[in-house]
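To start, the structure under review is shown below, and the notes come after it.
The values are calculated or read from the model by the stated rules, or taken from the named source; none is laboratory data. None of these values were measured; they are calculated from a predicted model. For neighbour counting, all protein chains shown are included, and Cβ atoms are generated from backbone atoms with ideal geometry for every residue, glycine included.
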Amino acid sequence: MNGVVLISGGGSNLQSIIDSAGRINLSIQCVVSNRPNVYGLKRAAKANIPSCVLDHNLFESRGDFDQALMSMIDDHHPDIVILAGFMRILTDEFINKYQGRLLNIHPSLLPKYPGLNTHQQAIDANDTSHGASVHFVTKTLDGGPVIAQKEVKINPEESAETLAAKVLKQEHVLYPEVIHWYTQGRLKLLNDTTATLDEQVI
Ligand code: GRF
């Protein structure tokens, strides 16, 4: 399967996908970053994967940016579009176009803590566990059907930084695994609210 990966930063999730691409049926055609000079672009270069920057600051509107992004993505005819630390809210038009082949990883046990600062929120709420979720992207922000999660324990002395590092380590296991299921054709989005694995509702 052909994939396009969208990033905004360090790209450690991108790296975990690159590292697993050989053993799963995934060919990363292109990495797109909305921010210039991020380390994720270096990771793509090291792996000989074409990359490009589409700086959202250079566009008048969210809609204009998404139009350019869609045209860049479509050049590669992807079977899967992977959001890997891509920190942009996408327009409905974008989501409609790729829904069913658009995945995201989010650093919380969704539906808890959509949005930003998830680690601090979990600590502030005195939660004893936290984690990461991979979900199909639908029009509700971080609200599409969850496919799989990994959980970590929150220690009494935990900081947002130590917790983020623990969660990130689990993300690197979780995302390639879910992408593997997708490339095997086992994962489907039935409608805005239902995902299936091997035809069983998740
Ligand atoms: C990850 O925690 C991901 O879940 C979130 O942003 C972070 C990106 O990290 N959406 P990286 O760029 O993959 O290292």
Inset, instruction - Return a yes/no flag: does the range 59-78 have any residue that is within 15 Å of the ligand (Cβ to nearest atom), buried (at least 18 other Cβ atoms within 10 Å of the Cβ) and farther than 15 Å from residue 98 by Cα. - result: no
Inset, instruction - Kindly check whether there is at least one residue in the range 79-89 that is more than 30 Å from residue 152 (Cα to Cα), free of Cβ contacts under 8 Å to residues at least 40 places away in the same chain and either in contact with a Gly (Cβ under 8 Å, 6 or more places away or on another chain) or surrounded by fewer than 16 Cβ atoms within 10 Å (Cβ to Cβ) (or both). - result: no
Inset, instruction - Scan the strands (runs of 3 or more DSSP E) fully inside the range 108-202 and keep the ones with 3 or more residues being closer than 16 Å to residue 83 by Cβ and modelled with pLDDT of 95 or more. - result: 129-136, 146-153
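Any idea how many residues of the range 25-40 are within 11 Å of the ligand (Cβ to nearest atom) and either buried (at least 17 other Cβ atoms within 10 Å of the Cβ) or acidic (Asp, Glu) (or both)? Write out each step before concluding.
The first filter runs over the range 25-40 and keeps only residues within 11 Å of the ligand (Cβ to nearest atom), leaving 33, 35, 38-40.
Narrowing further to those that are either buried (at least 17 other Cβ atoms within 10 Å of the Cβ) or acidic (Asp, Glu) (or both): 33, 35, 38, 40.
The number of residues fulfilling the criteria is 4.
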Inset, instruction - Would you be able to tell me the number of residues in the range 3-24 that are surrounded by 14 or more Cβ atoms within 10 Å (Cβ to Cβ), away from the ligand (no atom under 11 Å from the Cβ) and not in a helix (DSSP H, G or I)? - result: 3
